[in-house]
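Participant: One structure coming up, written as structure tokens, with questions to follow.
The values are calculated or read from the model by the stated rules, or taken from the named source; none is laboratory data. Everything quoted here is computed from the prediction, not taken from an experiment. All Cβ positions, even for glycine, are placed from backbone atoms using ideal geometry, and neighbour counts span all protein chains on display.
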Amino acid sequence: MKIWLLVFLPWWAWAQPADELDAELLQRYQQLQQNESARVVAVRKGRERAVLCKYCHGEDGNGGPGNTPILAGQNPLYLVHQLERFATGKRKRYVMEKLAQNLSHEEKVNLALYYASVEQKPATFDADKAKAGQPLFASHCTTCHGEHGMGQKGFARIAGQKPEYVKNTLLNFRKDSEKRFSPEMQAITKTLNEAELEQIAHYVASLGQP
């Protein structure tokens, strides 16, 4: 099995800086980065624990039906951050909050490493909307996310994410939803209309395609 430990990273509030992560969680993550055999065991345990996640995120983390994100190929440190934010109530989603609250620090890291090790499958997108979204992405998003949607250190990977999920997330930022909060993302999304947000979402989905 090929274990991906690169930090694929992106969007102003789709992640939290590493120094905000619980010290015990960060220590566990860093220890596994330095120990390949322990990392392999952690990925296996994460795959076993992911049975609780497949109903929404799909059998291999490539996304189930509805507005659920693709977890496969995601930056593992970002996933650890988000699980911790759900567990502490800083990020809102009833099912995820309850699940995360019942995960140990070790299980959070194991799950993150497992999903990071899974190959992300290409997302479906509208080519015309993606073409229209390219200049919008270039002018509003590349500073933080990078030209190819991989982002900067400490942020999530958005390249190849499902367009419906990206659009709904952007709309949540724009309407100041408690589900997603970020002053930076609110400021950006409020300068764009819904059609433009959808075009950006389809362009994001087109990134990372083979």
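Participant: Any chance you could count how many residues in segment 123-138 are more than 15 Å from Asn193 (Cα to Cα) and either of a type in the set (A, V, I, L, M) or surrounded by fewer than 19 Cβ atoms within 10 Å (Cβ to Cβ) (or both)? Spell out the reasoning first.
Facilitator: Start the filter on segment 123-138 by keeping residues that are more than 15 Å from Asn193 (Cα to Cα), which leaves 123-128, 130-131, 134, 138.
From the residues that got through so far, the ones that are either of a type in the set (A, V, I, L, M) or surrounded by fewer than 19 Cβ atoms within 10 Å (Cβ to Cβ) (or both) too are 123-124, 126-128, 130-131, 134, 138.
Total satisfying the criteria: 9.
Participant: Determine the pairs where a residue that is closer than 13 Å to Tyr114 by Cα and in the same structural domain as Lys98 (by TED's automatic domain parsing), located within segment 40-64, has a partner that is of a type in the set (A, V, I, L, M, F, W, C) and assigned to a helix (DSSP H, G or I) with Cβ atoms under 7 Å apart, the partner being 6 or more residues away or on another chain.
Facilitator: Sorted first by the residue in segment 40-64, then by its partner, the pairs are Ala42/Leu32; Ala42/Val109; Ala42/Leu113; Val43/Leu113; Gly46/Leu111; Gly46/Leu113; Arg49/Leu111; Ala50/Leu111.
Participant: Is it the case that some residue within segment 55-70 is within 15 Å of the chain's Cα centre (by Cα), surrounded by 19 or more Cβ atoms within 10 Å (Cβ to Cβ) and part of a helix (DSSP H, G or I)?
Facilitator: Yes, that holds for at least one residue.
Participant: Checking Lys162 against (1) at pLDDT 90 or above; (2) more than 21 Å from Leu79 (Cβ to Cβ): exactly one of these is not met. Which one?
Facilitator: Of everything listed in (1) at pLDDT 90 or above; (2) more than 21 Å from Leu79 (Cβ to Cβ), Lys162 misses just condition (2).
Participant: For the structure I just gave you, tell me whether Arg174 is closer than 20 Å to Leu83 by Cα, touching a Leu at 6+ places or on another chain (Cβ under 8 Å) and modelled with pLDDT under 95. Steps first, please.
Facilitator: Details: closer than 20 Å to Leu83 by Cα: no; touching a Leu at 6+ places or on another chain (Cβ under 8 Å): yes; modelled with pLDDT under 95: yes.
Criteria not met by Arg174.
Participant: Next up: So which of Tyr165, Tyr203 is under 20 Å from Lys92 (Cα atoms) and touching a residue at least 60 places away in the same chain (Cβ under 8 Å)?
Facilitator: Details: Tyr203 fails: under 20 Å from Lys92 (Cα atoms).
Answer to the check: Tyr165.
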